[in-house]
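The values are calculated or read from the model by the stated rules, or taken from the named source; none is laboratory data. Everything quoted here is computed from the prediction, not taken from an experiment. Here Cβ is always computed from backbone atoms with ideal geometry, including for glycine, and neighbour counts include all displayed protein chains.
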Amino acid sequence: MDSASSVHGQWSSRFAYVLAATGAAVGLGNIWKFPYIMGENGGGAFVLVYLLCILLIGIPVMMAEVLIGKAARKSPGKAVEALAVSSGHSANWKYVGWMGVWAGYLILSFYVVIAGWALAYIFYSGQGAFTHRTSEEITALFGALVSEPRTLMFWSFLIIAGTVIVVGKGVQKGLERAVSYMMPALLLLLFVMAGYAVVNGSPVEAFNFMFKPDFSKLTVNGVVVALGHAFFSLSLASGIMTMFGAYLPESTSIAKSSVWIAIADTMVALVAGIAIFPIVFANGMAPEAGPGLIFQALPVAFSQMPAGQLFGTLFFIMLVFAAFTSSIALIESSVAWLVEHHAMSRWAAAALSGGGIWLLSIGTSYSFAEGSWAHFSIGTIQTTYFELLDYLTANIMLPIGGALLAIFVGWMMKTAVLSKMITEPAVLRLWKITLRYVTPLAIIFVFLNLVGVITL
Ligand code: TRP
């Protein structure tokens, strides 16, 4: 995709678009983050709230973002500005677009560190580090990796360098072709892992945990995390869907394609959960282990299963690929911004962006090492650089950006434009009501709860 401010190119088909958007959406969020936040927030009730957030907030906001791109055929900031001005509103709406660029940039700075763990795990697995190990030994292996910040800085450097090279050279197209094989292969392997876990782990406990809501375990913070993750996982409020929408063929239904992307994304997350929790329960591991959960649970399965060394290596290769496609999409907005506003070459812009990401990522690399400077307390709360950054981006910036986008499209844009974009009349009516009322009010309600103004 080029970054010209007016966009004329188009996806070759609706399928190509859905595949590319799913490629950006599916990543560490589905396989790494969803299982561990589900584990930390008590399982079933959290999953239910998450699914509601996808349905009532995620899908309508995705449609709004794609619509902005399709209607303006411009890059995110400029698209919002153009539509605001043409419907008689302030050009300042463009800052909503800019906030997304920043959110995406900050997300990338911790994303590359986790992608670096996955990269290291390709080598661990390939060398047979997990073969015939106990779950304690595997947990210790993870602990050893994350307690070495400099090693993590090395692995994340490799991820950033790869991203910069692909974006700098503008060879995303070639990569997309590779992804069209990798994505289905990753899904297939996840199904194999889920099958293995169900047969050899503790599926009953896992299914009860994941799908039997126990609302006594759900906290207000759990709801905030579920809401934030709906935005994170669908890659919303970071400009990318507007970017994709700008290339959407006239005839493609925004509603249908958004629903498909959301279904695919949610399915990958749920299958990842099914691959992990039966193993967690069968081996006496803790569901609330935190960000290391999949790096501890899956290798236990690889250590026990036939051809586990091969499966493990393949799995982490595909995980790195899935993370890599998301990294490329995440860096793209900042590169486009540098090229447009500072007349930089793509190479210079990609290298500068990547350098900044690496510097920002150092705090995350230090966040998992016991006693490092990246651990601190705010009042009585112990936290880390990573936790703060994750919370600020996913749980605060993305939902606020999403609410503002919903208000912009629902209240500011002309109905004539909307009805030209969403061609199914019944869908248009339902979507508009959701976008005007349900989405912003739900987000405001959740935040008021979080800060204690009202209590659920
Ligand atoms: N959705 C990605 C994942 O689940 C993460 C992400 C958030 C993202 N915002 C994005 C990816 C913007 C690409 C573009 O891993």
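For the reader, a short list of remarks on this structure follows.
- Some residue of the range 229-242 being surrounded by fewer than 24 Cβ atoms within 10 Å (Cβ to Cβ) and closer than 30 Å to residue 104 by Cβ: no
- A single member of 377, 333 is touching a strand residue (DSSP E or B) at 6+ places or on another chain (Cβ under 8 Å) and among the small types (Gly, Ala, Ser), and it is 377.
Okay, residues lined up against (1) over 24 Å from residue 240 (Cβ atoms); (2) of a type in the set (Gly, Ala, Ser); (3) free of Cβ contacts under 8 Å to residues at least 60 places away in the same chain:
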site	(1), (2), (3)
373	yes, no, yes
378	yes, no, yes
381	yes, no, yes
390	no, no, no
401	no, yes, no
407	no, no, yes
411	no, no, yes
414	yes, no, no
425	yes, no, yes
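- Of all the numbered requirements in (1) charged (D, E, K, R); (2) farther than 20 Å from residue 235 by Cα; (3) within 16 Å of the ligand (Cβ to nearest atom), residue 332 misses one, and that requirement is (2).
- Qualifying residue in the range 36-47 (condition: at pLDDT 95 or above, buried (at least 24 other Cβ atoms within 10 Å of the Cβ), farther than 15 Å from residue 238 by Cβ and within 16 Å of the ligand (Cβ to nearest atom)): yes
- When 112, 101 are checked against the criterion of being surrounded by fewer than 22 Cβ atoms within 10 Å (Cβ to Cβ), within 16 Å of the ligand (Cβ to nearest atom) and of a type outside the set (Asp, Glu), a single residue qualifies: 101.
- Filtering the range 21-41 to residues that are outside any helix (DSSP H, G or I) and basic (Lys, Arg) leaves nothing.
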